[in-house]
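Presented below is the structure to which this report refers.
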Amino acid sequence: MKIQQNILLSNFCTFKTGGCAKYFVAVKNIDELKQAVDFAEQNQLPVFVLGGGSNLLISDEGVNGLVIKMEMKGIEFNPSLRARHHFLNSQKAKLFANLKSGVGRRNPAMSETIQVTAFAGEIWDDFVEKCVEKNLYGLENLSGVPGTVGASAIQNIGAYGVEAKEVIDWVEVFDIETGETKKLKKNECQFGYRDSIFKKTEGKNLIVIRVVYKLQNFQQGVTQLKTDYKDIQEWVSTHSSLRDFLEPDFSTAQRVEPLKSLAQENRGNPASFLTPKQLREIIIQIRKNKLPDLKQFGTAGSFFKNPVITKKQLEKILQQYPNLPYFPHNQKKWAPDTHISNPQLFKISLAFILDKILGLKGFKEGETGVFEKHSLIIVNHGNATSTEIKNLAQKITKDIKQKTGLDIDNEVVLW
Ligand SMILES: Cc1cc2nc3c(=O)[nH]c(=O)nc-3n(C[C@H](O)[C@H](O)[C@H](O)COP(=O)(O)OP(=O)(O)OC[C@H]3O[C@@H](n4cnc5c(N)ncnc54)[C@H](O)[C@@H]3O)c2cc1C
């Protein structure tokens, strides 16, 4: 473990902006993490924990403290998984036969929940891929999200109708204050919309070491994948031949033929015929068409959170903008015509406000701007500074306040 000085942080974040870390260290295990924290304490330095830098805007002045880059690796599947997996394979032929004849009933002999533990420094999408490869489902909708496993719990990442909290079982943390590790159960993590205890005062001292997820064994024809998100439904309905799109290993007669016939029979209900691996591929395709390519742009994804507002605020804003999409905060689908009944809190589409009300989609100012295909995303066109990006974000926040009266929160963390 080497503690370095004056390390340029723009090389460690996806915005590709920002100044230097006064001190910088990459840690690969808990001992190194403890040594790093001791160093910070001895030198009275604040600690900044870095994952993949994909949700950060780092100031041009840099960071006057110790940046600890989490590089702890390791993934463990519950040991009984292997037996279950073999068993699953041995049942495959039977399942396909059942599916073809439309039987596809639950086999009570098949076990379902598998605990998977991943260390904080694992690359999130590689981890998802490994789980899907093992025929486990639960994470496939979160395919393609940049960053690390550790931050999946910090941010409670979410995409395409799924949030990490739905599959997180518990989280192991290192407490900077006490120098001890402890386990937090899901309900102790206070997960919310892109929120958790780790973003609040009481959790600020906690560094996520590893996250334990509860995933399920996939059984075709039995499992209900989460496919009701509009983009997924649209993708399936506009791609008549799944064969054209699927990876080579799906293109065997054994797998594609039943899939194809099921797709035809169940058009409009992809949950009934997709596998987790196929759903992952679809999500990756959707994301490619919609989100900026990190090789071309600097960005940290959605810069802002969708506002969560009261029923009274919603009714007021709908008078002015009747087409504004919204949904009760405890649901996940945009529905402009959702009846305003019991729920008291509603999430509204900030993308709609930025695009249709403020006309900011594709807006460019110098080297920074709003992404042309997704108005929540601020991009660095090449040579932007963090200050320019921050100024644009502040201008947008002010414009929204002026037009709608709403206060909005950043999703991106500012250092
Ligand atoms: C193109 C693009 C698309 C994206 N799409 C999505 C999306 O669909 N859904 C979504 O939710 N997000 C999305 N994001 C945002 C981002 O990928 C996630 O927030 C991700 O979880 C950040 O992970 P990271 O490792 O890069 O975290 P970082 O950016 O390194 O850190 C983010 C915050 O978490 C803290 N942190 C990181 N690791 C730890 C740890 N182990 N312990 C304690 N604190 C830690 C950091 O201190 C910082 O405050 C997208 C970003 C980009 C660039």
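The values are calculated or read from the model by the stated rules, or taken from the named source; none is laboratory data. Every value quoted in this text rests on a predicted model; they were computed, and no experiment measured them. Reconstructed Cβ throughout: ideal geometry from the backbone, glycine too, with neighbour counts over all protein chains shown.
Any residue at all in the stretch 19-42 that's in a strand (DSSP E or B), in contact (Cβ under 8 Å) with a residue 60 or more places away in the chain and either farther than 22 Å from THR117 by Cβ or not aliphatic (A, V, I, L, M) (or both)?
no
Between a residue in the stretch 192-205 that is farther than 11 Å from ASP409 by Cβ and any residue that is loosely packed, with under 15 Cβ neighbours inside 10 Å and hydroxyl-bearing (Ser, Thr, Tyr), which pairs come within a Cβ distance under 9 Å, given they are 6 or more apart or on different chains?
Taking only residues 6 or more apart or on different chains, the pairs are ASN205/THR178.
What are the residue pairs meeting all of these: first residue in the stretch 279-295, first residue more than 27 Å from ASN11 (Cα to Cα) and not assigned by TED's automatic domain parsing to the domain that holds SER375, second residue assigned to a loop (DSSP other than H, G, I, E, B) and away from the ligand (no atom under 11 Å from the Cβ), Cβ atoms under 6 Å, and 6 or more apart or on different chains?
These pairs meet every condition: LEU279/LEU225.
Quick one: would you say GLY18 is touching a Leu at 6+ places or on another chain (Cβ under 6 Å), buried (at least 19 other Cβ atoms within 10 Å of the Cβ) and at pLDDT 95 or above?
yes
Taking the stretch 115-169 as the region of interest, how many residues are more than 9 Å from the ligand (Cβ to nearest atom) and among the β-branched types (Val, Ile, Thr)?
Summing the residues that are more than 9 Å from the ligand (Cβ to nearest atom) and among the β-branched types (Val, Ile, Thr) in the stretch 115-169 gives 7.
Looking at (1) of a type in the set (S, T, N, Q); (2) modelled with pLDDT of 90 or more; (3) in a loop (DSSP other than H, G, I, E, B), can you tell me which one GLN319 breaks?
Checking GLN319 against (1) of a type in the set (S, T, N, Q); (2) modelled with pLDDT of 90 or more; (3) in a loop (DSSP other than H, G, I, E, B), the one that fails is (3).
Quick check: is even one residue across the stretch 218-240 of a type outside the set (Asp, Glu) and either over 30 Å from ILE286 (Cα atoms) or outside the structural domain of GLU112 (by TED's automatic domain parsing) (or both)? Give the steps one after another, and end with the answer.
So the first thing to find is which residues in the stretch 218-240 are of a type outside the set (Asp, Glu), and the list is 218-227, 229-230, 232-233, 235-240.
If we keep only those that are either over 30 Å from ILE286 (Cα atoms) or outside the structural domain of GLU112 (by TED's automatic domain parsing) (or both) as well, we get none.
Scanning the stretch 218-240, I find no residue that is of a type outside the set (Asp, Glu) and either over 30 Å from ILE286 (Cα atoms) or outside the structural domain of GLU112 (by TED's automatic domain parsing) (or both), so the answer is no.
Exactly one of (1) assigned to a loop (DSSP other than H, G, I, E, B); (2) within 26 Å of GLY158 (Cα to Cα); (3) modelled with pLDDT of 95 or more; (4) not basic (Lys, Arg) is unmet by GLN394. Its number?
So the condition that GLN394 fails would be (1).
Given the residues PRO258, PRO307, which is the only one that is closer than 28 Å to ASN410 by Cα and either at pLDDT 90 or above or surrounded by 11 or more Cβ atoms within 10 Å (Cβ to Cβ) (or both)?
Exactly one residue qualifies, and that residue is PRO307.
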